[in-house]
Amino acid sequence: MIKVYLDWNVMSGMKNNYFPDLTEIISNREKFLLVYSTSHIGDIFASIKNNSAEEQKLVREDLEFITSLTDNLCLGNDSKEVTLSICDPEELLDDRISEAPLFKNLSLDSLFDSMEADNPMYGIGDAMKNLIASIPLDSAFNDAYQNPESAKMLEELFPGLKDDLTMNGFFKSFGQMLDNMNEGEGYKDLRNIVQQVGISNGHFSQDKKPFDVIENAYKKKGMEIFDVGQYFDKTKNAPEWFNDIINEYVSLDMHGFKADKIKVTDKEKNTFRNTTEDAFHSAFASRCDFYITNDDKNYHKTKAVFQKLDIRTKVLKPNDFVQYNNSFLTANTFDEHFESLIDEYKKTDNYLEQKYENGESFGFVKLTDQYFFNFFNKLLVPHPQSNGALFILSKESPTKKHIIHIWEVEGMIKLFADKFGPDIDGKSYYEEGEISSEEDWMGRTWNLSVGQIDIRRTRGWFQMYFYLSQNPEDYFENTSCLTLTVSDLYN
């Protein structure tokens, strides 16, 4: 199955019948695996204003719609890793609501009071709290305050911190900063200060890469690029790759590239919270094959960040995804997938040489816009002496650190089992628990009239091998081109 992440603006639009073509396509549960994240819950939480009966009804409808789309398959951050698991969105929202007071008044006192309220036997005591409060901050903070430019930025970001460079001072300052930026227009002031380097929205154009524009502006000033992330351990509170995406995304917005509107009135509330939640959506979406968003600013910032960090998740707007689907994802049955695979095999363009680590040639490889059997998007054609397979299908994941849910594999296996029945070992559909995260998986093997199909996982990579019953060199000596058809596969 093809893993797709929908931004909340797209989900809510589908709920209100704004994207009928997308809804019809994405409703194919045999092809697409939809996921949500804790950031969708953050969007819903932000919409809660007066907790009226009508508002509660709308919130319940939103949560039920998420469940109907995703079967509660959720991407969440446990501070060490991003995981993909089954979570009830209603329970996540309840957790978010109960945690809200803690972040409204963030301090060491409130944190310790919260821990003791959750567990009266915790007994951590004032001595431990005072010990943590007195821990000095990283020397990078002190160094930054020696530079007038960075000191001004830090004072705006962390008011009062320079007078108490300890964990106690940090928590007090951090709490005030969060309140100013997430509840008010404090982020607008910070953004104005950062842009005094001589860069704003008008400096970006379609023919320039936004990160290059930012870097060149700082070089002209003889300054280091302002990066909030440099003052923190990137492995805390989230995986490093997650924090990298957030920092790069916020950096683009802070320097004026497709900057979000910041305005708080009785009728609207657009604060820094909106920007960070959008950044979280982008980070979560980087674990999927597609990210569909209808927010133009989020679309452009995400594409720029993904390009810089070499993340290959396809970022599309709803209508663009419909066009992409109609061009490359129309195969549904096994026969349609196999025929499109053979057509792609015969096309000589876009092949690149594939080499072993020692430099010897293994064969040729191409990445495709298609997802064969709703899973594989990488086609390898090995030299006959390198591997007996005529071709190998693999999955090129969007990032080096990827997440494949077992439902993705289960859907792919079903296509083969429905076509050929049980394999040589009598196995058909995927059996719960048969794949271990620590071991290779021998998968399925089917003997066909012209050869053999193997599906397996080796060293974490899922692959499909197609072997001809005769040597590929002999086969091509007797045929002018690959003439395999679906009917050739039957015994």
Distance (nanometres) between label positions extended 7 Å along Cα→Cβ at LYS261 and HIS383: 6.1 nm
Length released on extending from ASN17 to THR399, taking residue separation times 0.36 nm less the Cα-Cα span: 134.2 nm
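Rounded to the nearest 0.05, what FRET efficiency is calculated for GLN146 and SER449 with R0 set to 56 Å and r the Cβ-Cβ distance?
0.15
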Inter-label distance, nm, simple model (7 Å from Cα along the C-beta direction), ASP343/SER437: 4.0 nm
Ranked packing of 84-94, 66-76, 277-287, most packed first, by mean Cβ within 10 Å: 277-287, 66-76, 84-94
Calculated FRET value between LYS220 and ASP369, using beta carbons and R₀ = 45 Å, to 0.05: 0.65
Charge context of THR83, other residues only, Cβ under 13 angstrom, K/R +1, D/E -1: +1
Computed label-point distance, nm, for sites ALA46 and LYS80 using a 7 Å Cα→Cβ extension: 3.0 nm
Segment 331-489 - percent relative contact order, Cα under 8 Å, separation 6 or more: 19 percent
Rg over Rh [alpha-carbon atoms, Kirkwood Rh] for segment 331-489: 0.94
FRET efficiency, 1/(1 + (r/R0)^6) with R0 25 Å, evaluated for GLU91 and TYR324 via beta carbons: 0.15
Pairwise centroid distance, computed over Cα atoms, of segment 289-318 with segment 234-276, Å: 15 Å
Relative packing of peptides 345-353, 364-372, 3-11 - highest average C-beta neighbours within 10 Å first: 3-11, 364-372, 345-353
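A short reminder: the numbers here are calculations on the coordinates, not readings from a lab. Since we're looking at a predicted model, the values are computed, not measured. Here the Cβ is made from the backbone with ideal geometry for all residues, glycine too, and neighbour counts use every protein chain on show.
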